[in-house]
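Structure first, then comments.
Just so it is clear, none of the values below were taken in a lab; they were calculated from the coordinates. In this text, all values refer to a predicted model and were calculated from it rather than measured experimentally. Here the Cβ is made from the backbone with ideal geometry for all residues, glycine too, and neighbour counts use every protein chain on show.
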Amino acid sequence: MDIQTRKIEFIQAFLKLQSEEVISQFENLLRKKSGYVIEEDNDFNPMSMKEFNNRIDQSENDFKNGEYKSTSELLKKFS
């Protein structure tokens, strides 16, 4: 198996991971082995509960008004 095929298979398996702990371990390994630096967003500000609830309300209104994309539409776009 060539290196490109191995990379693609690795990425596909990586995308299926659900464990943050395992992903963190891969990130640490990548940093150590390649000198690759994953930048952290130091400007991250969590939204307030009011903002969060407003987004939920807006999303529900969008859905009621048919302003959404189905999963199959999104998959077609990114496949």
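Here are the numbers for this structure:
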| item | result |
| --- | --- |
| Where Cα atoms sit under 27 Å apart: lysine pairs in the chain separated by 8 or more or lying on different chains | 15 |
| Burial ordering of Met1, Met47, fewest other beta-carbon atoms within 10 Å first | Met1, Met47 |
| At least 15 Å along the helix axis (C-alpha) and Kyte average at least 0.0, DSSP helices within the chain | 3-15 |
